[in-house]
Amino acid sequence: MPEFASNIFMKFQLLALPTVALAFTDYSDKCTSDVPCAAIESISAPDFPTKQDYVLYSTSQSGDRLNKVNKKMDTSSNGGWQEIRVDLDTKFQTILGFGGALTDSAAININKLTPDLQNQLIDSYYTEGGIEYTVGRVPIASCDFSTEVYSYVEVEEDLELDSFDISVDSSDTTGNKLGLIQRVLKATANPISLFASPWAPPAWMTQTNSTVGNPSLRDEPEIYESWSKYFTKFFEAYRAAGVEFWGVTVQNEPAGNTGAWQDLKMSPEEQRDFVKNYLGPELRAFNPELKIMMHDDQRVHLKEWTDTILGDPDAAQYVDGVGIHWYSEVEDYVAWATKPFDKMNDVTAKYPDQFILATEACNGFIPIIDQGPKLGDWNRGERYGYDILHDLNAHAVGWTDWNIALDLEGGPNWAKNVVDAPILIDAEAGDAYYRNPMFYYLGHFSKFIKPGSVRVGCSSTAPFTQSPMEAACFLTPADMVVVVVLNRDITGHKYNVQVKGSDNFVNVDVDKHSIQTIVFPKP
């Protein structure tokens, strides 16, 4: 197909409904004890004998999986129509990192694998032979990705929380979720920024004595105080178990969900008042270093929520950042119309002292037409690549996947709200797990854009007949330039990368439906 026609086809494809997939082929990698999935080769000093050397990692529908190639720059461009120019003098947000949620379901599934495969899976995410996650999300008590509803205070009207107990997090009910978190922290050489999120308080704290159907807190000062203390109790209990947290979100999806699983509904005004009068003072008194994130909900709500909460100085003094989800944008299928990334840019422009963190995303959440796992679906990997890259270019400091591992049915989930995950486990046999394309797309960011990296200027251009390459550029704390380039087109292309002020070019032939990460020393 001619390049011009290919470009038009791609743009049409991006407007398509979720039922239209690029392919129905299974592109997953099966990992067993006998045939383990390959370790991902890391970068070392010998990769760069000169400043003209670079490393190229590729993942493609045609077969590459974070494949590493050492190459040397050229003194002239390859004449490719797409050009990426890196401006190291123009700097934006500092990166926190990338990761996924350590849920009950993830722990239950991982525990069903053989001990050898458990270690392999954890290494795949958290070690140098894997994609080196540096962020983790932990639900406070149960969520839909649990096997039952529970809280840490089951004694009704225990306002002082004397019966607070997290022992369930070390039990079979949660798959020993606490133990999984401890294993992850022990396995990695990188610091992990853990943040916690509540789905619901104990049922007796709500107006309906239930945690489903989008309940609200009982409108009583003693309930607000007790719910605030519940947070402190949680962090104290986990600290005693050797687990420290970097941050917390005030409430998962406070604007409400379908009502089929746990939630605590809050209006922007209610969250503002809860933060400034109760939770903010409580956490600052007992966990002063903890980062407090408001919202933790869909990007479509950003303006109303940030203006209400951050526009109030008494509330804003307690808020460090804004958490966002991607679901209401229908996995960015309609981004051309809803402008989710413009919403993020607007928040940063208006409230520059607040960071934005993508706190949850997954594929397979749309009921009936696109729900549950699709083993090896390439299109779902591309959606991850698209959202991560564009969130970063819209000032996000990181990106957090939902469950790090689910079974082949997309659970367990007591509410039957099954979804997909980057790693799926054969929980019945316990002798295999599968890396989906989503795993590799995530790795193109998480493995190379280290915490403390800074996003830098990154202009991508092309003639009228072509779409520019989708790209994001970073400078790491080790003075390495990282450029991530996404090609969602049905054909390959030539493109080149040049740093402003340098005479050298990185010349690349990119395959169709692929993602590449380029790493080289700062000139």
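Computed from the coordinates by the stated procedures, all read-outs in this text should not be read as laboratory data. A quick note: this is a predicted structure, and the numbers were derived from the prediction, not measured. Reconstructed Cβ throughout: ideal geometry from the backbone, glycine too, with neighbour counts over all protein chains shown.
Summing charges over all other residues whose Cβ lies under 9 Å from the Cβ of residue 296, with Lys and Arg as +1 and Asp and Glu as -1, gives -3. Partners of residue 447 within straight-line reach, counting lysines whose Cα lies under 23 Å from its Cα and excluding those fewer than 8 residues away in the same chain: 30, 51, 68, 71, 72, 91, 186, 512, 522. Once R0 is set to 30 Å, what does the formula 1/(1 + (r/R0)^6) return for the Cβ-Cβ distance between residue 328 and residue 277, expressed as a FRET efficiency to the nearest 0.05? FRET efficiency, residue 328 to residue 277: 0.55. Within the same chain, lysines fewer than 8 places from residue 339 are excluded, and of the rest, those with a Cα less than 20 Å from its Cα are 11, 303, 350. Using θ = phi - 60° in the Karplus curve 6.51 cos²θ - 1.76 cosθ + 1.60, the 3J(HN,Hα) couplings for the range 109-122 round to 5, 4, 5, 7, 7, 5, x, 4, 6, 4, 5, 4, 5, 4 Hz; x is entered for Gly and Pro. Backbone geometry of the range 233-245 corresponds, through the Karplus equation with coefficients 6.51, -1.76 and 1.60 at θ = phi - 60°, to 3J(HN,Hα) couplings of 4, 4, 5, 5, 5, 5, 4, 5, 8, x, 10, 9, 10 Hz, x marking Gly and Pro. With θ taken as phi - 60° and the Karplus curve 6.51 cos²θ - 1.76 cosθ + 1.60 applied, the whole-hertz 3J(HN,Hα) list for the range 81-91 is 6, 8, 10, 10, 10, 9, 10, 6, 7, 9, 10 Hz, x standing for glycine and proline.
Counting charges near residue 502 (Lys, Arg +1; Asp, Glu -1) among other residues having Cβ under 15 Å from its Cβ returns a value of -2.
Using the beta-carbon distance between residue 464 and residue 428 and R0 = 45 Å, what value does 1/(1 + (r/R0)^6) give for FRET efficiency, to the nearest 0.05? Efficiency for this residue pair is about 0.25. With a Förster radius of 41 Å applied to the C-beta separation of residue 241 and residue 94, the computed FRET efficiency comes to 0.85.
Using Cα-Cα distances under 8 Å and only pairs 6 or more residues apart, what relative contact order does the range 97-446 have, in percent? Could the numbers behind the result be given before it?
Values: 729 pairs, mean separation 67.6, N = 350.
Across the range 97-446, relative contact order equals 19 percent.
Among the cysteines of the chain, those with no neighbouring cysteine Cβ under 4.7 Å are 143, 362. On the principal axes of its alpha carbon atoms, the range 48-98 extends 34, 33, 30 Å, with the longest extent given first. In straight-distance terms, cross-link reach from residue 291 covers every one of the lysines whose alpha-carbon lies under 16 Å from its own, apart from those fewer than eight places away in the same chain; here that gives 276.
Taking amide H as placed 1.01 Å from N in the peptide plane, the amide H of residue 206 sits under 5 Å from that of 218, each at least 5 places away or on another chain. Projected over all directions and averaged, the alpha-carbon convex hull of the range 97-446 occupies 15.8 nm².
Compared with the direct C-alpha span, the chain from residue 156 to residue 336 gains 59.9 nm at full extension, assuming 0.36 nm per residue. Counting 0.36 nm for each residue step from residue 172 to residue 225 and taking away their Cα separation leaves a gain of 16.0 nm. Applying both filters, DSSP loop and at most 13 other Cβ atoms within 10 Å, to the chymotrypsin sites (Phe, Trp or Tyr not before Pro) of the range 372-435 eliminates every site.
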